[in-house]
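All remarks here apply to the structure that follows.
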Amino acid sequence: MYRTFMRLLFAALAATFVVPGAASAKIIEVGGASTEAPPSCPASPCEVISRTTAFQTRVGAKRRLFRVPADGRIVAWSITLGTPKPKVRKYFEETLGGQAQAAISVLKQGRRRYGRVLAVSPRQTLTPYFGETVQFPLITSLPVEKDNIVALSVPTWAPALQLGVADDTTWRASRDKDACDDTQTQSAQTDINDVVQYKCAYRTARLTYTATMITTPVPPKPVKPPQR
């Protein structure tokens, strides 16, 4: 019911972007794949993403899943969450800064895997939604340009990892290349114009989030009058 309502809302928003004689706006799920990605928690070990900004770079033959395909605006984002057991949840809250929280960050990629933050969504507390897929509409949409990256920023922790998938599944994080195993030091990109390198790559795991965008309609091409 909720997802049906949101799709109707996005369709209404897309209609407002229609320009006479131009292509209509499209609704695109950035990061969507043909297969669902259930988080591994509460299975043991319950691994989570913590204190970093990250995005999926590959799922099987699919690459650049979180690269924006066209200019537009991000109007919502979704995340599928696991259900950590009470003792595990308490441990994460005590060691990783409190309740599970996350936001999305829009990145502009440069050479040598640098990423600059262009926009950030409000931070959301995830704890009430454990075991569910939740969608967060944005009151103020985020502008994006073609080839930007939509990343997941986690200042504390989030049970949003599917483990044990194929070796050709990879995600990257905003950690220093010598600190890829350091999951407690804060490395999340939450400030506009923050620039870091995404040197750490992790295989056999998949991040369980997506973002919903509405593309900017393409202006109509001018019609040349017939030559006499």
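Every number in this text was worked out from the coordinates using simple rules, so none of it is lab data. Values in this document were obtained by computation on a predicted structure and should not be read as measured data. A quick note on method: Cβ atoms are made from the backbone with ideal geometry, for glycine too, and the neighbour counts reach across all protein chains shown.
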Ranked on Cβ counts within 10 Å of their own Cβ, fewest leading, Arg111, Arg64 go Arg111, Arg64
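Can you tell me the FRET efficiency between Thr95 and Asp71 if r is taken as the Cβ-Cβ distance and R0 is 30 Å, rounded to the nearest 0.05? Write out the running numbers ahead of the final one.
Values: r = 41 Å, r/R0 = 1.36.
After rounding to 0.05, the efficiency reads 0.15.
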Phi angles of the range 124-129, converted by Karplus (6.51 cos²θ - 1.76 cosθ + 1.60, θ = phi - 60°) into ³J(HN,Hα) in whole Hz with x for Gly and Pro, give 10, 7, 9, 3, x, 10
Which whole-Hz ³J(HN,Hα) couplings does the range 174-187 yield from phi under the Karplus relation 6.51 cos²θ - 1.76 cosθ + 1.60, θ = phi - 60°, glycine and proline marked x?
8, 9, 5, 4, 9, 10, 5, 8, 8, 9, 10, 6, 5, 9
Could you run the Karplus curve 6.51 cos²θ - 1.76 cosθ + 1.60 with θ = phi - 60° over the range 200-205 and give me ³J(HN,Hα) per residue in whole Hz, x for Gly and Pro?
8, 10, 10, 9, 6, 8
Quick query: amide H of Thr156 versus all other amide H atoms, modeled in the peptide plane; which residues come in under 5 Å with a sequence gap of 5 or more or a different chain?
Arg51, Gln101
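Kindly state, to the nearest 0.05, the FRET efficiency for Leu138 paired with Thr185, given R0 = 30 Å and r defined as their beta-carbon distance.
Values: r = 29 Å, r/R0 = 0.96.
FRET efficiency, Leu138 to Thr185: 0.55.
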Let me have the 222 nm mean residue ellipticity of the chain computed from DSSP H runs of 4+ only, each contributing -39500 (n - 2.57), with the sum over all residues rounded to the nearest 500.
-3500 deg cm²/dmol
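What is the extension gain from Lys221 to Arg123, computed as 0.36 nm multiplied by their sequence separation minus the C-alpha to C-alpha distance, in nm to one decimal? List each step's numbers first, then the result.
On the way: separation 98, 0.36 × 98 = 35.28 nm, distance 4.04 nm.
My answer for the length gained is 31.2 nm.
Treating only the Cβ atoms of Lys and Arg (+1) and Asp and Glu (-1) as charged, compute the dipole magnitude of the chain about its Cα centre; round to the nearest 20 debye. Please report the intermediate quantities before stating the final value.
Details: 30 positive and 17 negative charges, 180 e Å.
The dipole of the chain has a size of about 860 debye.
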To the nearest 0.05, how large is the calculated FRET efficiency for Ala201 and Glu29 if R₀ is 25 Å and r is the Cβ-Cβ distance?
0.55
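Determine, for each peptide in 124-136, 162-174, 69-81, 206-218, the mean count of other beta carbons within 10 angstrom over its residues, then list the peptides with the highest first.
Those peptides, ordered most packed to least, come out 206-218, 69-81, 162-174, 124-136.
At 0.36 nm per residue, and after removing the present C-alpha to C-alpha distance, how many nm does the segment from Gln109 to Asp168 gain when stretched out fully? Don't jump to the answer; show the numbers that get you there.
Numbers: separation 59, 0.36 × 59 = 21.24 nm, distance 2.20 nm.
Gain on extension, Gln109 to Asp168, equals 19.0 nm.
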The set of residues whose placed amide H lies less than 5 Å from the amide H of Thr204, leaving out same-chain residues fewer than 5 positions away, is Thr169
When the chain is treated as a Gaussian network with springs between alpha carbons less than 10 Å apart, the largest mean-square fluctuation among Pro86, Pro38, Pro159 is found at Pro86
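Charges at C-beta only: +1 for Lys and Arg, -1 for Asp and Glu. How large is the resulting dipole of the range 83-142 about its Cα centre, in Debye rounded to 20? Before the final figure, lay out each step's value.
Details: 10 positive and 3 negative charges, 89 e Å.
So the dipole magnitude of the range 83-142 works out to roughly 420 debye.
Could you put Ser141, Ser44, Ser153 in order, starting from the residue whose Cβ has the fewest other Cβ atoms within 10 Å? All intermediate terms of the calculation are to be shown ahead of the outcome.
Numbers: Ser141 18, Ser44 9, Ser153 26.
Arranged by neighbour count, lowest to highest, Ser141, Ser44, Ser153 become Ser44, Ser141, Ser153.
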